[in-house]
Structure formats: C-alpha cells, structure tokens
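Please treat every number below as a calculation from the coordinates, not as lab data. Remember, predicted model here, so these are calculated numbers, not experimental data. FYI the Cβ positions are ideal-geometry reconstructions off the backbone, even for glycines, and counts take in every protein chain you see.
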Amino acid sequence: MTAIPLGVPEVPVRPIAERRASRRIQVGPVPVGGGAPVSVQSMTTTRTSDIGATLQQIAELTASGCQIVRVACPTQDDADALATIARKSQIPVIADIHFQPKYVFAAIEAGCAAVRVNPGNIKQFDDRVKEIAQAAKDHGTPIRIGVNAGSLDRRLLQKYGKATPEALVESALWEASLFEEHDFRDIKISVKHNDPVVMIEAYRQLAEQCDYPLHLGVTEAGPAFQGTIKSAVAFGALLSRGIGDTIRVSLSAPPAEEVKVGIQILESLGLRQRRLEIVSCPSCGRAQVDVYKLADEVTAGLEGMEVPLRVAVMGCVVNGPGEAREADLGVASGNGKGQIFVKGEVIKTVPESKIVETLIEEAMKLAEQMEQDGVGSGEPAVTVS
Ligand code: SF4
C-alpha cells in the first residue's frame, strides 16, 4: 500500500497570545508558570481518609488526562491519609486546607506536592506564616494561595462590601506579602468567583500586580452544561490574553468530566495539541443524510484515539467537499452516497450504509501511520513563551 504523506506533526503555529511572564514553580514533576504548558487539575470527591476510594478516583483522573489532583483535608483522619495517597498517586497531590493550620504542616510532612491554603478560612493563619514558610521551604513545597469569593476575609468584606475583583486581589496579595516577608515566593495564586465577569477582572488585575503563576478557576460554576460554558468563556478570555498557568474546571459532575472539559478548552485555544477532532455540520434543510447519527457513530467508533486526526462529517455538497478536503479525513454526503476524502483527495464513493465503517477503517490507517511517524505521541502540550 502506498503511504499517504501526512506532513509535519500538526501543532498550533500561531499561539493565541504571548503568555504572561510568570515565575515558575514545580508541583511535583509538573512545572507551573514560566512558560510551562498550561496544566489541567481536578479535585477528588471521596473522603480523603478513605485511601482506597481516593486512590481509585485519582487513577481514573490520571487516565482521563488530569495532571495535578487536589484532595480535601478537613479532619485529622484525612491528614493521616495524605502520606500514603501522595506516595501512591501517579500524579502530584495537593492538599486543600481550610480552618486548621496544623494540617498545613501535616501535608508538608506527608510529602504532598503542594498545599492550598485559603486566607479567609484558616484561623490564626497569619500568625503562623513564618513557620509555614520555613516548613515549606525545608521540603520544597509550593503554596497555593486560594482566595474564594464565598469565603473572603471578613476584613476585606467589610472594606469592599462584597467580593469585588479588588477585594479578591487584595486578599491574595496581602497573604503573598506575608510569605514574602519570610523570603518565600514558591507561590501560585487563584482568585475564584462564580461570576465569570468578576473572575476575569480579578485575574486581569492580579496578573498586572504580581508575577506569580496563576491557577484559573470559576468557583461553583454549576452543573456540567452551565459550568462548562462559564469556564470556557472565562478561561478563554484570560488565556487569550496570555493569563493563566494551570486550570481547574469546577463542575457539579464527576471530576473526570472536569478534566475532559479543561483539556478541550486548551485544545480549542491552541494551547495544547489537539487529539481527535470531529468537524461536523449542524445539518439543515439541505442535508441528505442524518448528520447527527453519522457524527455520533463516527465519534463513538474513534473514541480514545490519541493522534491529532481531524475528521469532517458533512451533510451535503454545499460545504461538504470543502471541509472534507481540509480535514485529514472526511465525508461529503449526498444522494444516498458518501464521497470519502483522505488528505484532500477523494479516494472512493460508498453507499450511505458504508460511510461509518469506511471512515473508521480509513481513520485507523491514518492513525497507525501517524503513530509510526511519531505524530501526537508523548506529551503534546505546546509551550508558548
Ligand atoms: S454542510 Fe450542507 S447539510 Fe450541513 S449545514 Fe451545511 S448546507 Fe446544511
């Protein structure tokens, strides 16, 4: 069989924006900031003290592409579980600490890759910063200062009346300044709000006022549909200005869904090499085939494909041949038949009943060759500095 020329690996040639210059920290083996690829995080929903269930969920998250995982640590039993979880997890574990400074020390001692603290929620936290900075320094553990609109420092709530962008930023930078007094700058910051407009403005202001890497999140973004849209809009607005070094999509849905959405956002912005992409038309009165069914069947047939294959599924001959020609592989349907395109050339015409199996067959051939050529293998994230 003659090899189909696939050209050079497809990576975005034009980054959406020059990345904001930020200092780099290491969350375990994952670099954050300083031009490192934007990483995707999620958080477990299990009781952290249930080590088996937590490690099981972390394994599922790892399989879905999650790069950093956060676990809640509200009790001593949870703190006691951290060492085992941090040791057995395949991805770096961040302990999420509210209310009790003693768990910060426990998490650092347990070997967590980082610790998230919420300045609005930790009693007497400010008095313990010196000790925390020293312990974190001794263990090389970065700290995320995670400000959240729902738990803003009371002092700032009184000053601003509500969780404004200015209030969120002031809270974060105040806390960072306490660490800076002890020469500790191994910090990343988040200023989350459930309203994307407030959140975008908070991060925009924060980005101007410091060089710490930023963890983006729309907090309590809602159920999957609404949360996905809010997160995509907010992250898109910020990442398109080069702001953001790591992201967490918060959904009232299983955490693996958050990871899928996060990865898709980065792929859509050209910040990560895309994997399988189905370009399918919305259908209209001209469609001569059931486009939805066709697109669903092709998507299901190619699920899990890691190579950056673009497959066009088009309902008629208006835009069909054009899109199919631009894709790696495509079909333009009409009159009960489908014209199959590979790399811009019509390779055959098949009856409608054979479209799905032909596309899957051709996709497999292309994927095999892409894999042989090393396209889409390894860590595909794109660094833009
Ligand atoms: S490709 Fe054809 S069927 Fe699909 S939306 Fe365009 S005109 Fe309609």
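Annotation for region 307-365 versus region 266-287: alpha-carbon center distance of 15 Å. Between Q158 and V318, the contour length at 0.36 nm per residue exceeds the alpha carbon distance by 51.6 nm.
Taking trypsin sites (Lys or Arg not before Pro) across region 294-383, the ones in a DSSP loop with at most 16 further Cβ atoms lying within 10 angstrom of their Cβ are K343. Against the empirical curve 2.2 N^0.38 Å, the C-alpha radius of gyration of the chain lands at a ratio of 1.12.
A straight Cα-to-Cα reach below 19 Å connects K343 with the aspartates and glutamates E10, E277, E306, E323, E326, D328, E357, E361, E362, E368, E371, D373, residues fewer than 8 places away in its own chain not being considered. Within region 230-385, DSSP assigns beta bridges of which about 60% are antiparallel (rounded to the nearest 5). Distance between the modelled labels on S177 and N335, one decimal in nanometres: 7.5 nm (7 Å Cα→Cβ projection). Cross-link candidates for K159: which aspartates and glutamates have Cα within less than 18 Å, leaving aside residues fewer than 8 places away along the same chain? Hits, sequence-local ones excluded: E170, E175. Using θ = phi - 60° in the Karplus curve 6.51 cos²θ - 1.76 cosθ + 1.60, the 3J(HN,Hα) couplings for region 246-254 round to 8, 10, 9, 8, 9, 10, 7, 7, x Hz; x is entered for Gly and Pro.
Based on Cα contacts under 8 Å between residues 6+ apart, the chain shows a relative contact order of 16 percent.
Straightening the chain between I229 and D296 buys 22.0 nm, computed as 0.36 nm per residue apart minus the Cα-Cα spacing.
Kindly state, to the nearest 0.05, the FRET efficiency for E303 paired with Q134, given R0 = 41 Å and r defined as their beta-carbon distance. E between E303 and Q134, to the nearest 0.05, is 0.25. For K102 and E326, a Förster radius of 35 Å and the Cβ-Cβ distance give a FRET efficiency of 0.05, rounded to the nearest 0.05.
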